[in-house]
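A short write-up of the structure that comes next.
The values are calculated or read from the model by the stated rules, or taken from the named source; none is laboratory data. Keep in mind that what you see is a predicted model, and the values were worked out from it rather than measured. Cβ: placed from backbone, ideal geometry, glycine included. Neighbour counts: every protein chain shown. Surface areas here come from the heavy atoms of the whole protein model, side chains and all, with no ligands, DNA or RNA. Shrake-Rupley method; radii C 1.70, N 1.55, O 1.52, S 1.80 Å.
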There are 2 protein chains.
Amino acid sequence: MNLIDKMHRDMAQFSKSERKVAAVILHDPKAAIHKSIAVLAKLANVSEPTVNRFCRRLDTKGYPDFKLLLAQSLAKGTPFVNRHVEQSDSTAEFASKIFESTMAALNITRKHIDLNALEQAIDALSQAPKISFFGFGASASVAHDAQNKFLRFDTPVFFSDDLLMQRMTVTNARKGDVVVCISHTGRTKALCEIAGIARQTQATVLGITAADSPLARECNIVLSTQVPEDTDVYMPMASRIAQLVLIDVLITGYTLRSGPDFRDRLRLVKESLRDSRFSREDAPQNPTDSD
Amino acid sequence: MNLIDKMHRDMAQFSKSERKVAAVILHDPKAAIHKSIAVLAKLANVSEPTVNRFCRRLDTKGYPDFKLLLAQSLAKGTPFVNRHVEQSDSTAEFASKIFESTMAALNITRKHIDLNALEQAIDALSQAPKISFFGFGASASVAHDAQNKFLRFDTPVFFSDDLLMQRMTVTNARKGDVVVCISHTGRTKALCEIAGIARQTQATVLGITAADSPLARECNIVLSTQVPEDTDVYMPMASRIAQLVLIDVLITGYTLRSGPDFRDRLRLVKESLRDSRFSREDAPQNPTDSD
DNA sequence: GCGTTTTTGTAATTTAATTACATTTATTGG
DNA sequence: CCAATAAATGTAATTAAATTACAAAAACGC
């Protein structure tokens, strides 16, 4: 476990002097790893053995070992954090922030993924006679993207951003069909309605949305994208990426479950794209590319 | 820079004894960080000062400092790597692999981003009387997504997946207009053609594509997505995510450059979406959501 | 308030790391 | 091939750092 978290957690159990040591270290852990036990003791106004005892209390072999673990905690600790873009940011700064926020969002989504729901979702998709994708606004393009991916298989796939078309399609869903509803907030009325209609047709409704949202309650299976609320400053960015990667996971599961036969067909579809593009100068044609 | 990589890189310049030290450390770096200088010296069959000198050669303050940096290198080391999905993977396994590969791709793209090109791109977009997005296949949905984002501003934006529409639009481009061409491979013939036409109209052609590709050569500004070739096993996944995040960076830059006035307008657009969704039970309405 | 336990500090000890210097080993010009 | 020189390595001494043992002080219960 992370040493810094541990220090925060055990703070209550520390003695007065130990708390002083912890405070100095936590104030600037990066600097602390370059201090000797004597310097640190002086900064905390305690004796050297107190610092040593403090290290032992945190299950380290001694001060040098403690510094080593602290250094590792710092290096590992929260690799990517969500950082807000500021008006004053340089191009390099806000670019980095956006990349890191996105990576942080993916990391969180990965950690909180409900494997059970994921398996159910892949099962349902694998056996579905028909699959349709719904979403509005930014989620519409996620739905569109999902359709593109599933088009490579021979299961009929539907997507439209037209409300009437959507309602018509979903009304005709049959048992076993999968209706995928995508929404970051899970509070888009039109989409909840679609999900509701789908439920009545006995189709399997799969939500890629916020847990415990109105939409989630309409769904049979929910894959939640637990992206922190404040991730998207001006518009949904990281949350949408998380949705897309979830779709990637779904289609990978679908492909794996379809077995080698289907994967051969997939390769054929890709090879059919060859003529539409320039050949590579330096390397053999790669049939896995597709744009 | 990573100490371990550094050791590998500088191996040739090391002296005989230094190489012995390096070998022992590299053989099991994790164990090395818990050894004293005496133990390490004995293992490498060299004297203690030789180990010390070795540390200094790697620009560390001494042996303890070296161990600290080594520990950090180990903790940090390749946080996310591209790992292939195998037929035998469990759901948890391939899900993790996809998430990590995507994060790895983003990490690489972030590192290799050409800040100069990025600034030029944002400048061009900020001043463009008209912006259009082009892409085929998987990149079409990226282009579509880009259009969605830019629609929130009052600059005219165009996107279509119809080849004729695209050609018509691009033919009418004026100087200052920005034509954004998106392709993972950069070898899609139709897109290169579009880019070529755009160039003749004196519009600024911005490519989000592979460096040194046929498409890249047609562009005025290139933002390259340096995703390893083998990232996308069955279909473009990580590369497309990288493109999307690049779009996010572009629009953020665009928004920042537009100043506070435009950002107010953006908020108004978002607030206009309120009625279309359910209110939050537990928290105030968040005007930044939009799907 | 007194005995007990816990906490903290002082001083001594041990261990580790570094420096200064000597020796060996390679390198080059004649 | 052999000095002369430079580079590399090791030995021993020095210094710095960390730990231990023990004593003093503070906190706690009765």
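Remarks
- Matching entry among A:138, A:104, A:173 (being modelled with pLDDT under 85, more than 22 Å from residue B:143 (Cα to Cα) and buried (at least 21 other Cβ atoms within 10 Å of the Cβ)): A:104
- Scanning the stretch A:176-201 for residues that are in a loop (DSSP other than H, G, I, E, B) and either modelled with pLDDT of 90 or more or of a type in the set (Ser, Thr, Tyr) (or both) yields A:177, A:183, A:185, A:201.
- Of the criteria (1) within 13 Å of DNA strand C (Cβ to nearest atom); (2) open to solvent by 30 Å² or more (accessible area, probe 1.4 Å); (3) away from every other protein chain (no Cβ under 14 Å); (4) closer than 23 Å to residue A:62 by Cβ, which one residue B:15 fails: (4)
- Of all residues in the stretch A:96-142, exactly one satisfies the criterion of being more than 28 Å from residue A:198 (Cβ to Cβ), among the small types (Gly, Ala, Ser) and within 8 Å of chain B (Cβ to nearest Cβ), namely A:96.
- Restricting attention to the stretch B:97-116, the residues that are over 14 Å from the mean Cα position of the chain (by Cα) and touching a residue at least 40 places away in the same chain (Cβ under 8 Å) add up to 1.
- Of the set (1) within 16 Å of DNA strand C (Cβ to nearest atom); (2) acidic (Asp, Glu); (3) under 33 Å from the mean Cα position of the chain (by Cα), all apply to residue B:93 but (1).
- Considering each residue of the stretch B:72-79 in turn, none proves to be over 30 Å from residue A:247 (Cα atoms), within 14 Å of DNA strand C (Cβ to nearest atom) and not assigned by TED's automatic domain parsing to the domain that holds residue B:106.
- Residue within the stretch B:215-229 that is modelled with pLDDT of 90 or more, open to solvent by 20 Å² or more (accessible area, probe 1.4 Å) and either part of a loop (DSSP other than H, G, I, E, B) or outside the structural domain of residue B:167 (by TED's automatic domain parsing) (or both) present: yes
- The helices (runs of 4 or more DSSP H) found wholly in the stretch A:7-119 and carrying at least 1 residues that are more than 12 Å from DNA strand D (Cβ to nearest atom) and among the charged types (D, E, K, R) occupy A:16-27, A:29-32, A:48-57, A:63-76, A:91-112.
- Yes/no for residue A:145 being assigned to a loop (DSSP other than H, G, I, E, B) and acidic (Asp, Glu): no
- Condition met for residue B:4 (touching a residue at least 60 places away in the same chain (Cβ under 8 Å) and not in a loop (DSSP other than H, G, I, E, B)): yes
- Conditions (1) more than 26 Å from residue B:121 (Cα to Cα); (2) buried (at least 17 other Cβ atoms within 10 Å of the Cβ); number of the one not met by residue A:127: (2)
- Candidates B:5, B:59 - the one that is within 16 Å of DNA strand C (Cβ to nearest atom), among the acidic types (Asp, Glu) and open to solvent by 50 Å² or more (accessible area, probe 1.4 Å): B:59
- Only one of the numbered conditions (1) within 8 Å of another protein chain (Cβ to nearest Cβ); (2) in contact with a Pro (Cβ under 8 Å, 6 or more places away or on another chain); (3) surrounded by 13 or more Cβ atoms within 10 Å (Cβ to Cβ) is not met by residue B:87, and that is (3).
- Within the stretch B:18-51, the residues that satisfy the criterion of being under 39 Å from the mean Cα position of the chain (by Cα), open to solvent by 40 Å² or more (accessible area, probe 1.4 Å) and either within 9 Å of DNA strand C (Cβ to nearest atom) or within 21 Å of residue A:61 (Cβ to Cβ) (or both) are B:28, B:30, B:34, B:35.
- Taking each residue of the stretch B:46-70 that is within 11 Å of another protein chain (Cβ to nearest Cβ) and under 20 Å from residue B:13 (Cβ atoms) and looking for partners that are of a type in the set (Gly, Ala, Ser) and near DNA strand C (Cβ under 7 Å from one of its atoms) with beta-carbon atoms closer than 7 Å, six or more apart or interchain, yields nothing.
- Condition check for residue A:131: out of contact with any strand residue (DSSP E or B) (no Cβ under 6 Å at 6 or more places or on another chain), modelled with pLDDT of 90 or more and more than 30 Å from residue B:116 (Cβ to Cβ): no
- Any hit, the stretch B:94-103, residues being under 30 Å from residue A:242 (Cβ atoms) and of a type in the set (Lys, Arg): yes
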